[in-house]
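So the structure is just underneath, and the comments pick up after that.
The values are calculated or read from the model by the stated rules, or taken from the named source; none is laboratory data. Just so we're clear, the structure is a prediction, and the values are computed from it rather than from any experiment. Here the Cβ is made from the backbone with ideal geometry for all residues, glycine too, and neighbour counts use every protein chain on show.
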Amino acid sequence: MSNLKSSGRIEGLDGLRALAVLGVLAFHLWPLALPGGFLGVDVFFVISGFLITTLLLREKDSKGKIRLSAFWIRRARRLLPALVLVVLASIAVATLVNSDLLVNIKRQTLGALTFSTNWVEIAAGSDYFAGSDHSLFVTFWSLAVEEQFYLLWPPLLIALLFLTSGRKRLAILALLAAAGSAFLMARLLDPVNSTRVYYGTDTHAFGLMIGVALAFCGGGRFFSTKGWQLVKGPAAVAAVAGIIFLFVVLDSTNNYTYRGGILLASILTAVAVAALPGEATFFTRICCIRPLAWIGERSYGLYLWHWPVMIILGATSFYAWMQSYIGFWIFIPVVAVTLLLTEASYRWLEMPVRERGFKATWHAVVERFSHPRSWINRPGVVALGAAAIVVVSTIGIFTAPDKSREQLAVEEGQRAMEQADAEAEAQRQANPFVRTVEAANHPNVKNGSAGDQSSLGTSMVALGDSVMSAAAPAMYRRFPGIYINARPSMQWHDAPTMLQEVIDKGNLRQIVVLNYGTNAGFKEPDSEAALRQILDQLGPQRKVVLVNTVGISYWIEDSNKTLNSISADYPNTVVADWWSVIKQHPELLHRDKTHPSEDGIVVYADTVAKALEKLGADNQK
């Protein structure tokens, strides 16, 4: 029995959509468990390329032409209602919850509503995999790629069909286009920030074009051959197993992900998709299991809602309080809210518009409100709620802050460093014969004890990235006289240069505090070598405090393990366990889950002080 319905719907595609969206959700909610889950987007791309081209070819075969206006209207009915609702509702709720969520919201809204998020964010220099990008609509980049495909591909297909009717030739052209796109991704890859090749329509179109080539191979010919019918079930199961394997083993930090990994996932998806048309198999029946079909039918809404829900809930103090008590299970509220919103949107907005169209749906709504007392029943309440969402979201867009609290905190720290440097320079100018006290002559250091920490500042120097910058005001208060050299976006490979700056200014002291790794940890190959270079340069006579890393990136825990391992090789070092402090008190961070808040920087300085006490005791053994 064929699984191709009379409506033209291919049974089983929803099961593959479910696999795709579950992979993406798992990657965003539990990146350590499924570091390659972002490949679910590529499963979507192959399905879209195949399905859209198949529908267009059927229309051409049955009606003799492709009506572009009708195609684009169908796409608009399918995509716009949920998208507009998610954008407006997310902005409205973010306005009420935390204004920091609205930083850059004008840019984000422009990208979301014009399906240009990928290029807008490339121009803004965003980093999708940085782990610190909490933009409400950052995940809409893939929708932009697909919509650009929906806009450009149909007229190009019409032109190609005018030039040749040979489907085999067209399949070869599509595969050549896919190969060119994959080559561009590999060739243009920047290992430090892969966002350009990941977001780019030109560099990430190969999944779509593989799906297109598969559609050209169909039409009842390839899919119905006896050889394929015999092997397609086992081949599809093996392909899905391969996709899940890639979900588990690939991650965004490895170059081979972009130089073959994503392409392999797309090819495996094509094998699975090719097994669905024609006679149904056990693989088809698995893909049609009701829970998978339910998820697949709502995959678009799930993809739209999950990220804004996660970001908005994560910005609430209640969520931070819950996180410190229930740990891993903190994902439950996000999943529950996402499912509820997705189902409500699907049932009461998306399906009515898809079935009736915009005009008929609007007339139905107006007719309901034309009856007496309609404004106090459910439709009336919904209408009032929709109006409130529009009003609040408009206010949010036009009153959005230019900078987040964490960015303002970092800038305040930078100003504190500039002021401290200016005061120190003024003192040197006033007393040209008085040199900075060398930490080697400090009595507390000579005795190998932390002693009175308030007097240790003149013996301390701190280097780091934006986290150290944010903590600078508290560090100056806790350790008067400390010299700090910290700048945003610095990584471990920048640390030797920053240390040399300190040496050149004559500010190297007996106690050194290092805090890097916020942006990349030790995932870059030269990071560990950079830290060891610094520790070797400082020598065993100095005391070094290594502050470990806090954030939401999946590599944080591994990075901190590496830091512990390196510290174990140098007896004069100690790790200030800032990560463990934050695990117990996540409310000490700003919304970005990375930088300490005003209360957090005080605890940060305390954590460094406790590490100094431990370091002094260890050195007395």
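Determine, yes or no, whether Val581 is in contact (Cβ under 8 Å) with a residue 60 or more places away in the chain, touching a helix residue (DSSP H, G or I) at 6+ places or on another chain (Cβ under 9 Å), closer than 29 Å to Ala315 by Cα and not aromatic (Phe, Trp, Tyr).
So Val581 does not fit the description; no.
Where in region 98-169 are there helices (runs of 4 or more DSSP H), lying wholly inside it, with at least 1 residues that are out of contact with any helix residue (DSSP H, G or I) (no Cβ under 6 Å at 6 or more places or on another chain), farther than 23 Å from Val192 by Cα and at pLDDT 95 or above?
Fully inside region 98-169 and qualifying: 105-113, 141-163.
In this structure, is Val103 in the same structural domain as Val249 (by TED's automatic domain parsing), of a type in the set (Val, Ile, Thr) and touching a Pro at 6+ places or on another chain (Cβ under 8 Å)?
yes
Test of understanding: among Ser224, Ser194, which residue is surrounded by 17 or more Cβ atoms within 10 Å (Cβ to Cβ) and among the hydroxyl-bearing types (Ser, Thr, Tyr)?
Of Ser224, Ser194, the one residue that is surrounded by 17 or more Cβ atoms within 10 Å (Cβ to Cβ) and among the hydroxyl-bearing types (Ser, Thr, Tyr) is Ser194.
Considering region 63-120 alone, what residues qualify as being charged (D, E, K, R) and over 21 Å from Tyr300 (Cα atoms)?
Across region 63-120, the qualifying residues are Lys63, Lys65, Arg67, Asp100, Lys106, Arg107.
Being part of a loop (DSSP other than H, G, I, E, B) and either without any contact (Cβ under 8 Å) to a residue 12 or more places away in the chain or crowded, with 19+ Cβ neighbours inside 10 Å (or both) is the filter here, so list the residues in region 172-191 that pass it.
Asp190
Residues are listed down the side, and each one gets a yes or a no for (1) touching a residue at least 60 places away in the same chain (Cβ under 8 Å); (2) closer than 30 Å to Ala426 by Cβ:
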position: Asp494; (1), (2): no, yes
position: Gln500; (1), (2): no, yes
position: Leu514; (1), (2): no, yes
position: Leu531; (1), (2): no, no
position: Gln541; (1), (2): yes, no
position: Ala568; (1), (2): no, no
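Identify, please: which residue in region 66-81 is basic (Lys, Arg) and either assigned to a helix (DSSP H, G or I) or in contact (Cβ under 8 Å) with a residue 40 or more places away in the chain (or both) and is, among those, farthest from Trp305 (Cα to Cα)?
For region 66-81, the residue satisfying everything is Arg74.
Out of the residues in region 250-264 that are hydrophobic (A, V, I, L, M, F, W, C) and within 18 Å of the chain's Cα centre (by Cα), which is surrounded by the most Cβ atoms within 10 Å (Cβ to Cβ)?
Here the answer is Ile262.
Taking the residues in region 265-290 that are in a helix (DSSP H, G or I) and without any contact (Cβ under 8 Å) to a residue 60 or more places away in the chain as candidates, determine which candidate is surrounded by the fewest Cβ atoms within 10 Å (Cβ to Cβ).
In this case the residue turns out to be Arg290.
For region 499-513, state whether one or more residues are in a strand (DSSP E or B), among the basic types (Lys, Arg) and more than 25 Å from Glu406 (Cβ to Cβ).
No, the conditions are met nowhere in region 499-513.
How many residues, within region 458-474, are out of contact with any helix residue (DSSP H, G or I) (no Cβ under 6 Å at 6 or more places or on another chain) and assigned to a helix (DSSP H, G or I)?
Of the residues in region 458-474, 3 are out of contact with any helix residue (DSSP H, G or I) (no Cβ under 6 Å at 6 or more places or on another chain) and assigned to a helix (DSSP H, G or I).
Looking at Ala274, Ala270, Ala293, Ala239, can you tell me which residue is within 27 Å of the chain's Cα centre (by Cα) and closer than 25 Å to Arg169 by Cα?
Just one listed residue meets the conditions, Ala270.
In region 227-286, how many residues are among the polar types (S, T, N, Q), at pLDDT below 90 and within 18 Å of Ala215 (Cα to Cα)?
Of the residues in region 227-286, 1 are among the polar types (S, T, N, Q), at pLDDT below 90 and within 18 Å of Ala215 (Cα to Cα).
Please go through region 578-610 and pick out each residue that is crowded, with 18+ Cβ neighbours inside 10 Å and among the charged types (D, E, K, R).
Arg591, Asp592, Lys593
What single numbered condition from (1) touching a residue at least 24 places away in the same chain (Cβ under 8 Å); (2) charged (D, E, K, R); (3) under 19 Å from Arg17 (Cβ atoms) fails to hold for Arg259?
(3) is the only condition that Arg259 fails.
Being exposed (fewer than 15 other Cβ atoms within 10 Å of the Cβ) and aliphatic (A, V, I, L, M): is that true of Leu68 here?
yes
Take the residues in region 432-457 that are part of a loop (DSSP other than H, G, I, E, B) and polar (S, T, N, Q), then tell me which one is modelled with the highest pLDDT.
Thr436
Can you work out which of the residues in region 387-431 that are in contact with an Asp or Glu (Cβ under 8 Å, 6 or more places away or on another chain) and not in a helix (DSSP H, G or I) is modelled with the highest pLDDT?
Here the answer is Pro401.
With the condition kept exactly as written, say whether any residue in region 601-617 is among the aromatic types (Phe, Trp, Tyr), in contact (Cβ under 8 Å) with a residue 40 or more places away in the chain and under 23 Å from Ile511 (Cα atoms).
There is at least one residue in region 601-617 that is among the aromatic types (Phe, Trp, Tyr), in contact (Cβ under 8 Å) with a residue 40 or more places away in the chain and under 23 Å from Ile511 (Cα atoms).
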